[in-house]
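Read the structure below first, then the notes.
The values are calculated or read from the model by the stated rules, or taken from the named source; none is laboratory data. Keep in mind that what you see is a predicted model, and the values were worked out from it rather than measured. We place every Cβ from the backbone using ideal geometry, glycine too, and count neighbours over all the protein chains shown.
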Amino acid sequence: MSSSSSKSAGVITCRAAVAWGPGQPLLLEEVEVDPPSAMEIRIKVVCTSLCRSDVTQWQSQAQPDLFPRIFGHEASGIVESVGEGVTEFQAGDHVLTVFIGECQSCKHCESGKSNMCQKLGLERRGVMHSDQKTRFRVKGKPVYHYCAVSSFSEYTVVHSGCAVKISPDVRMERACLLSCGVAAGIGAAWKVADISKGSTVVIFGLGTVGLSVAQAAKSRGASRIIGVDINPEKYEKGKVFGVTEYINPEECKEPVQQVIKQITDGGADYSFECIGDTNIVSTALQSCCDGWGMTVTLGVPKTKTEISTHYAFLLTGRTLKGSLFGGWRPKSDLPSLVEKYSKGEIQLDELVTHDIPFESINEAFNLMKEGSCLRCVIHMPK
Ligand code: APR
Ligand code: ZN
């Protein structure tokens with residue numbers, strides 16, 4: 001495969017998978033990518049995996065004005081050039097992109113206990129944080145970004161606070177999974193819930209995110225890891241990640257929370273919502289025990305955004321905790337996860353069900369819509 005990219009006056013012309021409207025198949029278009037502005041870096045994307053939230057946002061009718069748009073946010077790449085003021089990176093560095101940045105100077109970054117950076121937080125308007133503009137054009141029109149990453153392009157521009165340097169020895173075609181979903185699952189278990197040895201854990205949704213919670217719960221010595229999923233095929237894969245029992249809510253005679261209460265003597269120690277369905281939050285809260293039971297939410301809701309539950313579940317001492325990116329601060333915490341992958345302490349390879357060339361990116365979208373994949377890794381032209 002040869003790349004069609006060319007350089008002129010700082011602008012790079014290359015191919016990107018452009019979505020022209022909600023749910024419309026991506027088209028490989030020639031796009032212009034601006035040089036990085038101050039404190040930004042331009043990256044040659046090497047691999048990018050498809051995450052459920054790319055699909056959710058692509059299908060959503062909520063922001064029809066933000067098209068044409070380039071999705072993609074779980075990615076690894078090589079720095080091509082750096083903008084004014086960037087000292088942390090240089091051309092040739094291997095990096096992971098991150099969808100929430102760490103400026104290291106705002107109130108949240110300085111607190112050491114939050115990853116809700118006030119400067120480089122979740123970007124929802126399809127532009128760059130700094131000047132609210134885009135760095136891509138197609139046929140002379142601006143192309144909107146996604147999460148200020150937009151990795152479904154041979155080249156992209158990100159803020160230097162939204163990338164993390166990794167060793168050139170790390171496998172780029174797998175490490176990209178740590179850019180979002182896997183790190184989110186592991187962080188929810190280790191950092192947010194802080195699962196203790198011998199605990200009983202219930203995981204709603206055995207996709208990449210739920211299975212990442214499972215492997216992290218297993219490594220903490222959880223005694224029971226109960227996986228709940230409407231797709232029975234997920235259980236086989238679940239066993240590889242430590243799931244010890246499986247429940248299909250569609251086959252239960254009683255509500256699944258009742259079944260869980262019965263088999264766990266009153267409820268689990270921890271439950272995790274890894275589906276992206278706000279109705280399940282209450283189910284998950286009811287599935288954990290009085291006194292110390294904790295529910296952690298990881299899913300990004302597809303439709304209904306409000307949650308409701310009976311107040312009694314809080315009165316009885318349960319905790320409901322939200323999380324984004326597993327509570328990790330990308331620059332401070334991600335390097336140690338990458339190192340754990342290198343040492344074989346985190347499983348990523350087993351989560352990749354498909355390797356797909358960039359030209360066939362729509363196949364990855366179809367597989368995820370059908371629920372017949374975990375992670376599809378999209379390989380950009382060399
Ligand atoms: N009950 C139980 N399981 C369900 C239900 C349900 N009502 N609905 C869907 N599932 C299962 C699916 O069968 C699938 O195995 O939930 C799993 C979700 O996995 P994926 O779609 O592969 O999503 P994943 O990438 O793991 O992300 C999960 O976290 O980051 C967010 O946006 C992401 O909301 C999504 C969630
Ligand atoms: Zn910050």
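Computed values, structure above
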quantity: Matching entry among Phe313, Phe272 (being away from ligand 1 (no atom under 13 Å from the Cβ), surrounded by 18 or more Cβ atoms within 10 Å (Cβ to Cβ) and among the hydrophobic types (A, V, I, L, M, F, W, C)); calculated: Phe313
quantity: Single match in Val158, Val143, Val192, Val170 (criterion: among the β-branched types (Val, Ile, Thr), away from ligand 1 (no atom under 16 Å from the Cβ) and either surrounded by fewer than 24 Cβ atoms within 10 Å (Cβ to Cβ) or free of Cβ contacts under 8 Å to residues at least 12 places away in the same chain (or both)); calculated: Val170
quantity: In the range 146-155, the residues that are more than 16 Å from the chain's Cα centre (by Cα) and part of a loop (DSSP other than H, G, I, E, B); calculated: Glu154
quantity: Selection count, the range 282-298, where residues are within 25 Å of the chain's Cα centre (by Cα) and surrounded by fewer than 24 Cβ atoms within 10 Å (Cβ to Cβ); calculated: 3
quantity: Inter-residue pairs, beta-carbon under 8 Å, first in the same structural domain as Val192 (by TED's automatic domain parsing) and in the range 256-285, second charged (D, E, K, R) and crowded, with 24+ Cβ neighbours inside 10 Å, 6+ apart; calculated: Ile280/Glu273; Val281/Glu273; Ala284/Glu273
quantity: Residue that is modelled with the lowest pLDDT [pool: residues in the range 219-261 that are closer than 21 Å to Asp277 by Cβ, assigned to a loop (DSSP other than H, G, I, E, B) and of a type in the set (D, E, K, R)]; calculated: Glu233
quantity: Single unsatisfied condition, Gly112 versus (1) modelled with pLDDT of 95 or more; (2) within 16 Å of ligand 2 (Cβ to nearest atom); (3) over 26 Å from Ser360 (Cα atoms); calculated: (1)
quantity: Unique residue being touching a Phe, Trp or Tyr at 6+ places or on another chain (Cβ under 9 Å) and closer than 24 Å to Thr56 by Cα when the list is Arg137, Arg125; calculated: Arg125
